[in-house]
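What follows is one structure encoded as structure tokens, with my remarks underneath.
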Amino acid sequence: MRVSMLTDLILLLPLAFTAGLIDAAVGGGGLVTIPGLFAILPREVPAALFGTNKLSAMMGTASAAVRYARRVKLPWNILLPAAAAAFVGSYLGARSLHFLPLHWVRPMVIGLLAIMLVYTWLKPSFGQEDTERQLTRRDLYIGLLIGLVIGFYDGFFGPGTGSFLIFLFVRLFHFDFLRASASAKVVNLATNLAALVFFIPAKMVIWGYAIPMGVANIAGAQVGSRMALKGGNVWVRRLFLILSVTLISKLVWDTVKAM
């Protein structure tokens with residue numbers, strides 16, 4: 001390993017660990033790693049940085065999903081079809097990058113995140129109790145639609161994917177925040193895999209960075225999922241609100257810079 005790569009990893013590994021910790025609880029780890037990769041590896045093409053981040057994030061997400069699956073009762077009859085739909089949606093979203101105007105998306109996402117934030121803030125009981133109701137065939141169709149739409153969004157744009165999944169699982173399936181967060185990891189894992197179907201064959205993953213960052217992301221995901229399981233719904237809800245504010249702030253700032 002050359003000295004410059006070692007120096008880069010000394011800076012990137014703590015970021016990957018932090019991203020894994022945040023992502024395991026409420027998603028949004030890319031807010032930490034994407035700016036870090038662009039700042040530390042400015043000479044690399046953007047697609048390679050996104051591919052490297054996706055592989056790292058996928059490793060952490062898979063690790064968190066396994067931990068949650070051991071501790072939280074997950075509705076696999078809904079999640080697996082939703083994950084399959086999300087895989088297809090993410091693939092289609094990535095393919096649509098050249099055809100749809102990206103600048104239309106950001107204001108809409110800001111608005112949706114703001115609605116979620118206000119709704120969650122004004123309803124302290126939102127996501128605090130899991131009804132554990134029997135999920136129906138209608139819920140299966142809703143899960144497929146969620147997977148397809150959010151998967152498409154993640155493949156096309158991405159920021160806030162985990163937040164949207166958590167909110168929708170709480171709102172539509174009446175999960176508590178912890179169960180919703182655990183469920184979101186399964187669907188998010190599928191969208192990451194779909195993205196890598198593009199990035200890996202296109203040689204847009206820098207393996208020398210992606211694998212060490214992935215290991216750090218796994219470590220962070222284990223800490224984050226443990227904290228979420230221990231802190232419960234109150235802790236996850238607070239993180240969800242903080243992440244939503246952070247996402248809105250970043251997207252507004254990006255919009256202003258693009259003007």
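Summary table below
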item: Odd one out for ALA19 among (1) open to solvent by less than 30 Å² (accessible area, probe 1.4 Å); (2) touching a Leu at 6+ places or on another chain (Cβ under 6 Å); (3) closer than 19 Å to LEU243 by Cβ; result: (2)
item: Residues of region 33-71 satisfying the condition of being within 15 Å of LEU193 (Cβ to Cβ) and charged (D, E, K, R); result: LYS54
item: Residue in region 52-71 that is farther than 30 Å from PHE173 by Cα, assigned to a helix (DSSP H, G or I), over 17 Å from the mean Cα position of the chain (by Cα) and at pLDDT 90 or above present; result: no
item: Region 18-45, residues that are in a helix (DSSP H, G or I), in contact (Cβ under 8 Å) with a residue 24 or more places away in the chain and more than 10 Å from GLY220 (Cα to Cα); result: ALA25, VAL26, GLY30, LEU31, THR33, GLY36, LEU37, ILE40
item: Pairs with Cβ under 6 Å, 6+ apart, first in region 219-232 and farther than 18 Å from GLN128 by Cβ, second at pLDDT 90 or above and open to solvent by 10 Å² or more (accessible area, probe 1.4 Å); result: ALA219/PHE17; GLY220/PHE17; GLY220/LEU21; ALA221/SER63; VAL223/LEU21; GLY224/LEU21; SER225/ARG67
item: Helices (runs of 4 or more DSSP H) wholly inside region 72-186 that include at least 2 residues being closer than 18 Å to ILE242 by Cα and out of contact with any helix residue (DSSP H, G or I) (no Cβ under 9 Å at 6 or more places or on another chain); result: 105-122
item: Criterion violated by ALA86 - all others in (1) in contact (Cβ under 8 Å) with a residue 12 or more places away in the chain; (2) open to solvent by 10 Å² or more (accessible area, probe 1.4 Å); (3) within 30 Å of PHE173 (Cα to Cα); (4) small (Gly, Ala, Ser) satisfied; result: (2)
item: Test: residue in region 165-177 that is of a type in the set (A, V, I, L, M), open to solvent by less than 10 Å² (accessible area, probe 1.4 Å) and in contact (Cβ under 8 Å) with a residue 60 or more places away in the chain; result: yes
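Each row is one residue, and each column tells you yes or no for (1) open to solvent by 70 Å² or more (accessible area, probe 1.4 Å); (2) farther than 27 Å from ILE146 by Cα.
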position	(1), (2)
THR191	no, no
PRO201	yes, yes
VAL205	no, yes
PRO212	no, yes
ASN217	no, no
VAL223	no, yes
GLY232	no, no
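The values are calculated or read from the model by the stated rules, or taken from the named source; none is laboratory data. Just so it is clear, the model here is predicted, and its values are computed rather than measured. In this analysis, Cβ positions are derived from the backbone assuming ideal geometry, glycine residues included, and neighbour counts consider all displayed protein chains. Note: accessible area is taken over every heavy atom of the protein model, side chains too, but ligands, DNA and RNA are not part of it. Shrake-Rupley method; radii C 1.70, N 1.55, O 1.52, S 1.80 Å.
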